[in-house]
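Chemist: Sharing a structure below in structure tokens format, with a few things to ask.
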Amino acid sequence: MPAVLVTGGAGFIGSNLVRYLRRERPGWTVVNLDKLTYAGNLESLADLRNDGGHLFVRGDIANADLVEHLCEQHEVEAILNLAAESHVDRSILGPGIFVETNVSGTQVLLEAARRAGVKRFVQVSTDEVYGSLGAEGRFSEASSLRPSSPYSASKTAADLLALAYHHTFGLDVIVTRASNNYGPYQFPEKLIPLMIANALDGKKLPVYGDGMQVRDWIHVEDHCAALLAALERGKAGEVYNVGSDNEWPNLQIVQQLLRILRKPESMIEHVKDRPGHDRRYAIEARKARSELGWAPRIPFADGLQRTVDWYVANRTWWDRVRSGEYRVYYEKNYGARG
Ligand code: NAD
Ligand code: TYD
């Protein structure tokens, strides 16, 4: 039974990926290494509690001995690295931990993979490494890297380290760069779940600046399918963009959510913009479609409706994750924008 190590598997994309791999490749064992930071939550994996093919380990990707031990103990064939500090606003409030986890943590993991003879390493990255676009054009894998936030800078450094491990040491590395994900189990500090939660609570919906910044949205399950395709069919040393041709200005996303929830647009409040806010992301994913045989399947209208339904039905989940630490962050980030 082949084993794969998923890091960050208690987070948003990670928990969806663990579930997806167990469903699509039931013969594989999924070892899930997660530090359980504020963003990691075992309740996101509650349905896998009695699943012998999912092994959860609490720990840090920056713990070389632990990672090497896990790889050897379970004869791990591949690593999918999703563990990260992932929120741009938090990276503005405190960049240090982003370097520790996203840069140093990834390097430690790469080194452990090399020593343990892991056959493939998938570095899960973001389109934010390319920086910001004007009104025209889209990012391709050949676009230059111009990250603008501490988050995206740390992800860029990690991508480059991963590719350096391929070029220098021959480690089989693949880098995927996905656009903004949405779907169930996303921490309610990110745009879509934050707006749903605030609307359901009768709170204002804080839109940064004019709200005309554009993001390119992909359903998390389509992203998970791309990660499996990259793992199975990707070519070592290559980068694959992952997106679903679905650009929207933030304000229109918020308006759509309010329409689905039958709430008034008067709940929207324009607040002070994010410093260094990237204006537009748009991703060209032709290479993943042609070389990985992958294509996104979930139309945005369906995906958004299903996501709203999930948050309406799973209030206990997001109420719990918005406990103490979240309130402190919310006050720090939004208190200063009023
Ligand atoms: P998330 O914040 O929801 O989850 C991150 C997980 O990593 C959490 O469970 C956390 O506990 C864990 N973690 C953090 N530091 C760790 C450490 N040192 N050791 C072990 N575990 C640690 O993030 P997400 O949105 O699920 O993103 C997952 C990955 O995908 C990240 O690498 C992110 O950069 C990338 N990505 C995210 C998006 C998006 O839209 N969310 C888009 C493209 C790429
Ligand atoms: P976010 O979900 O943080 O993802 P990213 O910054 O990685 O793209 O934000 C998506 C967009 O929504 C981004 O342009 C910032 C904006 N935004 C708001 O306008 N208000 C908010 O409260 C949040 C969290 C984000």
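The values are calculated or read from the model by the stated rules, or taken from the named source; none is laboratory data. No experiment lies behind these values; they were computed from the predicted model shown. Here the Cβ is made from the backbone with ideal geometry for all residues, glycine too, and neighbour counts use every protein chain on show. Ligands, DNA and RNA are stripped out before the accessible areas are found, and what is left, the full protein with its side chains, is counted by its heavy atoms. Shrake-Rupley method; radii C 1.70, N 1.55, O 1.52, S 1.80 Å.
Chemist: Run through all the Cα pairs of the chain and give the fraction in each 20 Å bin from 0, expressed as whole percent.
Modeler: 32, 61, 7
Chemist: Also, quick follow-up: Would you please put 106-116, 68-78 in order of how densely packed they are, using the mean number of other Cβ atoms within 10 angstrom per residue and starting with the highest? Numbers along the way, then the final one.
Modeler: Details: 106-116: 21.5, 68-78: 17.6.
The peptides rank, most packed first, as 106-116, 68-78.
Chemist: Let me know the Kirkwood hydrodynamic radius for the range 145-284, please, with Cα pairs as the basis and the value in Å to one decimal.
Modeler: 16.9 Å
Chemist: Next question. Where does the charge balance sit around Lys35 when Lys and Arg score +1, Asp and Glu -1, over other residues with C-beta under 10 Å from its C-beta?
Modeler: Summing Lys and Arg as +1 and Asp and Glu as -1 gives -1.
Chemist: On a 0 to 90 degree scale, rounded to 10, what angle separates helix 250-261 from the longest Cα axis of the chain?
Modeler: With both axes taken from Cα atoms, the answer is about 80 degrees.
Chemist: Just name one of Leu261, Thr126, Asn16: the one whose Cα is farthest towards the positive end of the charge dipole of the chain (beta-carbon charges, Lys/Arg +1, Asp/Glu -1).
Modeler: Sorting the options by dipole projection puts first Leu261.
Chemist: Rounded to the nearest 500 deg cm²/dmol, what is the calculated helix-only ellipticity per residue at 222 nm for the chain, with -39500 (n - 2.57) per DSSP H run of length n ≥ 4?
Modeler: It lands at -12500 deg cm²/dmol.
Chemist: How many angstrom separate the Cα center of the range 1-69 from the Cα center of the range 260-319?
Modeler: A separation of 24 Å, based on Cα centres.
Chemist: Using a cut-off of 21 Å between alpha-carbon atoms, which lysines can reach Lys190, once sequence neighbours fewer than 8 places away in the same chain are excluded?
Modeler: Lys35, Lys155, Lys203, Lys204, Lys263, Lys272, Lys332
Chemist: Give me the lysines in straight-line cross-link reach of Lys287: C-alpha distance below 20 Å, same-chain residues under 8 apart excluded.
Modeler: Lys235
Chemist: How far is it, in nm, from the label point at Asp245 to the one at Ala142 when both lie 7 Å from their Cα along the line to the Cβ?
Modeler: So the two model labels end up 2.0 nm from each other.
Chemist: Continuing with this model, one more query. Could you tell me what percent of the accessible area of the chain is made up of carbon and sulfur, with a 1.4 Å probe and every protein chain present?
Modeler: 50 percent
Chemist: How far is helix 220-233 tilted off the main Cα axis of the chain, in degrees rounded to 10, range 0 to 90?
Modeler: 20 degrees
Chemist: A follow-up question, please. With only Lys, Arg, Asp and Glu charged, each at its Cβ (+1 for the first two, -1 for the last two), find how big the charge dipole of the chain is about the Cα centre; round to the nearest 20 debye.
Modeler: It comes to approximately 600 debye.
Chemist: If contacts are Cα pairs under 8 angstrom and at least 6 residues apart, what is the relative contact order of the range 45-187 in percent?
Modeler: Reported as a whole number, the value is 27 percent.
Chemist: Okay, next question. Which one, Trp310, Tyr151, Asn81, is farthest towards the positive end of the dipole of the chain when Lys and Arg carry +1 and Asp and Glu -1 on their Cβ?
Modeler: Of the listed residues, the answer is Trp310.
Chemist: Taking the solvent-accessible surface of protein heavy atoms with a 1.4 Å probe, what is the per residue accessible area of the chain in Å²?
Modeler: 41 Å²
Chemist: While we're looking at this one, here's another question. Provide the net charge surrounding Ser86, with neighbours chosen by a C-beta distance below 12 Å and charges set as Lys +1, Arg +1, Asp -1, Glu -1.
Modeler: That sum, taken over residues with Cβ under 12 Å, equals -1.
Chemist: Which one, Leu228, Val242, Leu55, is farthest towards the positive end of the dipole of the chain when Lys and Arg carry +1 and Asp and Glu -1 on their Cβ?
Modeler: Farthest along the dipole direction, towards plus: Val242.
Chemist: Quick check: the angle from helix 64-73's long axis to the longest principal axis of the chain, C-alpha only, nearest 10 degrees?
Modeler: 60 degrees
Chemist: Take the Cα coordinates of the range 54-139, assign each an equal point scatterer, and use the Debye formula without solvent to give log10 I(q)/I(0) at q = 0.12, 0.18, 0.27 Å⁻¹.
Modeler: -0.45, -0.84, -1.37
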